[in-house]
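The structure appears below as structure tokens.
The values are calculated or read from the model by the stated rules, or taken from the named source; none is laboratory data. Since the model is a prediction, treat every value here as computed from it, not as a measurement. In this analysis, Cβ positions are derived from the backbone assuming ideal geometry, glycine residues included, and neighbour counts consider all displayed protein chains. To get the accessible areas, we keep the full protein, side chains included, count just its heavy atoms, and leave off ligands, DNA and RNA. Shrake-Rupley method; radii C 1.70, N 1.55, O 1.52, S 1.80 Å.
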Amino acid sequence: MLNILIADDEKKLCETMHDYLSSKGASVKTVFDGISAVQEAGNTAFDLIILDVMMPGVNGIEACKRIREFSDTPIMFLSALGEEENFLAGYKSGCDDYIVKPFPLTVLYEKCLSLIKRYKGFDSDSKLTYGKITLDLLSRTVFLNERKIRLSAKDFDILTLLVKNAGTVLGREQILVKVWGYGFEGDTRAVDTHIKRIRKALGKENADIIKTAVGVGYYFEEN
């Protein structure tokens, strides 16, 4: 199931998009301002984020910039502004696509699918299973002994990287490059913070499947 976040202060449009995408099998969360969009994006692993540009307070452009500080989840802008400079401002802020209002819901849905498939780079039934842990790579969902585990976008990416390289020690710098990219300017301690969050989500009885290589980094090893 796809997990989509929509932020638009036009509540009727939000409701319409929510109902249509839900009818297609997606799980849809709606909020009505930029601050809420940033908060939700930081707390939940979404497959796609849809932002209205002209929201009060923190607008879509600013919300996109803030989300891009911690997430590379695909972002689509909705806007009544269709001039070239508006498109350029959107793409410069970090969005992946831009759709001008009004638009057919069928077009919105196809754009959503296209963005998600392009970002994921694998089929909808692609799953990664190692021991008692399963990662659904399209819905970005983690199951541990068939129990669903909620992770943020970056936490999911780190866990996926570790599981794909099970038994291999990955240095903090390696993890930073693979998950954040070469342009990341933060501290390697960011990795430690995310590892702590992943272990907490897994629970005390399973936290040690992510092991520490002292002074080097981390590795995944099923008990």
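Filtering region 12-58 to residues that are crowded, with 20+ Cβ neighbours inside 10 Å, assigned to a loop (DSSP other than H, G, I, E, B) and not aromatic (Phe, Trp, Tyr) leaves 26, 45, 47, 53, 55. What do you reckon, is residue 128 under 18 Å from the mean Cα position of the chain (by Cα), closer than 29 Å to residue 214 by Cβ and at pLDDT below 85? For residue 128, the condition - under 18 Å from the mean Cα position of the chain (by Cα), closer than 29 Å to residue 214 by Cβ and at pLDDT below 85 - is met.
In summary, residue 141 fulfils each of the numbered conditions (1) more than 21 Å from residue 75 (Cβ to Cβ); (2) surrounded by 15 or more Cβ atoms within 10 Å (Cβ to Cβ) with the single exception of condition (1).
Figure legend. Inter-residue proximity from region 164-176: first residues without any contact (Cβ under 8 Å) to a residue 40 or more places away in the chain and open to solvent by 50 Å² or more (accessible area, probe 1.4 Å), second residues assigned to a strand (DSSP E or B) and among the aliphatic types (A, V, I, L, M), beta-carbon distance below 7 Å, spacing 6+ or different chains. Indicated pairs: 164/128. Out of (1) modelled with pLDDT of 85 or more; (2) within 21 Å of the chain's Cα centre (by Cα), the odd one out for residue 105 is which? Residue 105 satisfies all of (1) modelled with pLDDT of 85 or more; (2) within 21 Å of the chain's Cα centre (by Cα) except (2). So, of the residues in region 1-11 that are aliphatic (A, V, I, L, M) and part of a loop (DSSP other than H, G, I, E, B), which turns out to be modelled with the lowest pLDDT? The residue in question is 1. Sub-6 Å Cβ pairs linking a first residue in region 6-33 that is closer than 23 Å to residue 66 by Cβ to a second residue that is of a type in the set (Asp, Glu) and part of a strand (DSSP E or B), at least 6 apart or interchain, are 8/52, ordered by first then second residue.
Would you check if residue 144 is within 14 Å of residue 130 (Cβ to Cβ) and not aromatic (Phe, Trp, Tyr)? Considered against the rule, which asks whether it is within 14 Å of residue 130 (Cβ to Cβ) and not aromatic (Phe, Trp, Tyr), residue 144 comes out as yes. Every test in (1) in contact (Cβ under 8 Å) with a residue 12 or more places away in the chain; (2) surrounded by fewer than 18 Cβ atoms within 10 Å (Cβ to Cβ); (3) among the aliphatic types (A, V, I, L, M); (4) farther than 17 Å from residue 208 by Cβ is passed by residue 153 save one, and that test is (2). The residue that is surrounded by the fewest Cβ atoms within 10 Å (Cβ to Cβ), among those in region 59-73 that are more than 17 Å from the chain's Cα centre (by Cα) and of a type outside the set (Asp, Glu), is 59. Could you run through region 184-223 and say how many residues are part of a strand (DSSP E or B) and among the charged types (D, E, K, R)? Here the count works out to 1. Taking residues in region 202-223 that are farther than 17 Å from residue 170 by Cβ, and partners anywhere that are open to solvent by 70 Å² or more (accessible area, probe 1.4 Å) and assigned to a loop (DSSP other than H, G, I, E, B), the pairs with Cβ atoms closer than 9 Å and at least 6 places apart or on different chains are 206/145; 206/223. When residue 189 is tested against (1) under 22 Å from residue 46 (Cα atoms); (2) open to solvent by 50 Å² or more (accessible area, probe 1.4 Å); (3) at pLDDT below 90; (4) of a type in the set (Lys, Arg), just one condition goes unmet, and that condition is (1).
Residues in region 202-223 that are of a type in the set (A, V, I, L, M) and open to solvent by 30 Å² or more (accessible area, probe 1.4 Å) were compared, and the one that is farthest from residue 156 (Cα to Cα) is 214.
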